[in-house]
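Asker: I'd like to ask you about the structure that follows.
Since every read-out is calculated from the coordinates, none of them should be taken as a lab result. In this text the structure is predicted, and so the values were computed from the model without any measurement. Heads up, the Cβs are rebuilt from the backbone with ideal geometry, glycines too, and the neighbour counts pull from every protein chain shown.
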Amino acid sequence: MVTVLDTGGVVPSVSQRRWRARLSRGLILWIFGFYVLAPLYAGARFALQNDNGNFSFHSVAVIPAQAGFTDAFWYSTRLAVVTVIGVLLLVVPTIVYAHLRAPAVRPVLEVISLLPIVFPPIVLILGFMHTAPTWLLIWPYHLAVLYVVISLPFVYRSLDAGLLALDLGTLVEAGRSLGARITTIVWRVILPNLSSALVSSVALVVALVYSEYTMASFQVTPTLPVWIAQFSLSDGHITTAAAMLSLVGAWILLAVVLVADLGRLQWRQRRAQK
């Protein structure tokens with residue numbers, strides 16, 4: 001016996017449900033797009049508008065000639081290079097060893113990688129300045145030590161996701177069956193398969209170094225964000241243009257990473273089909 005329940009209403013058709021779903025998705029995308037693009041439009045308009053209200057690229061063209069910009073830019077670039085080298089040397093061997101030899105340690109490493117998010121940057125920089133040895137504090141790139149710490153959550157998760165996507169057991173056994181050492185397997189088999197995760201990690205670290213202000217404001221040598229904040233008292237149009245250019249540069253870097261990753265995947269698919 002089948003009982004039919006009367007809901008007292010009209011059940012919407014499939015087309016109506018699909019129309020409502022598309023409308024809700026479109027509304028959410030419009031709201032999100034306005035929330036993200038409206039401040040960018042306002043910043044770009046302010047940067048490209050002179051005191052008379054006319055649009056001009058003068059603020060962008062004179063950025064390299066401003067006092068202190070070149071030194072701050074190249075110092076941030078060198079700092080980014082040191083940070084990338086340090087965080088990769090720290091995280092890559094650790095996470096590869098954890099996946100291959102000590103899987104039980106992975107939850108502990110995940111918790112440790114989250115600790116930099118728990119503590120505010122001001123706490124980290126003050127603790128570092130009061131406890132670090134003198135030889136480290138006088139090193140021109142001692143800020144890279146802190147950047148390595150605060151970039152751990154992003155780098156660890158990017159590399160962890162890349163390793164989880166690989167069949168490490170099969171790769172290691174295949175390499176050992178061919179007589180390769182574990183170091184050779186890691187260098188010639190595992191790391192090439194982690195190229196997309198490594199490039200993504202590098203892009204995140206570079207974007208962090210070029211945008212972090214709290215820790216850099218305590219240092220003697222100004223980084224690019226500190227220069228932007230200090231020079232804003234002189235000319236807001238130029239500093240806004242510099243901030244917009246740094247943001248566009250980060251977007252271009254991420255776009256290059258995505259295009260390179262897609263190209264690598266397509267190349268592998270074509271090679272597998274042959």
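Asker: Report relative contact order for the chain in percent, whole number only (criteria: Cα-Cα under 8 Å, sequence separation at least 6).
Answerer: Once normalised by length, the contact order is 27 percent.
Asker: Here's something else I'd like to know. With a 10 Å cut-off between alpha carbons and a GNM built on the chain, which of LEU37, LEU137, LEU89 moves the most?
Answerer: Per the Cα network of the chain with a 10 Å cutoff, LEU37 tops the list.
Asker: Whole-Hz ³J(HN,Hα) for each residue in the stretch 164-177, computed from phi via Karplus 6.51 cos²θ - 1.76 cosθ + 1.60 with θ = phi - 60°, x for glycine and proline: what do you get?
Answerer: My calculation for the stretch 164-177 gives 5, 6, 9, 8, 4, x, 5, 5, 5, 5, 5, x, 5, 5 Hz in order.
Asker: For the chain, with a Gaussian network of springs between Cα atoms less than 10 Å apart, report the residue from LEU159, LEU79, LEU109 with the top mean-square fluctuation.
Answerer: Evaluated over the chain, the most mobile residue of the options is LEU109.
Asker: At 7 Å along the Cα-to-beta-carbon direction for both SER56 and HIS130, put a label point, then send me their distance in nm to one decimal.
Answerer: About 5.0 nm separates the two model spin labels.
Asker: At 222 nm, what helix-only mean residue ellipticity would the chain give, in deg cm²/dmol to the nearest 500, using -39500 (n - 2.57) for each DSSP H run of four or more?
Answerer: Result for the chain, helices only: -23000 deg cm²/dmol.
Asker: Most mobile of SER76, SER24, SER201 per a Gaussian network model of the chain (Cα springs, under 10 Å)?
Answerer: SER24
Asker: Sorted from largest down, what three extents in whole angstroms do the Cα atoms of the chain have along their principal axes?
Answerer: Rounded to whole Å, the extents work out to 83, 65, 45 Å.
Asker: Next up: Residues of the stretch 31-61 with amide nitrogen under 16 Å from the 7 Å Cα-to-Cβ point of ILE252?
Answerer: Residues 60-61 qualify, since their backbone N sits under 16 Å from the label point.
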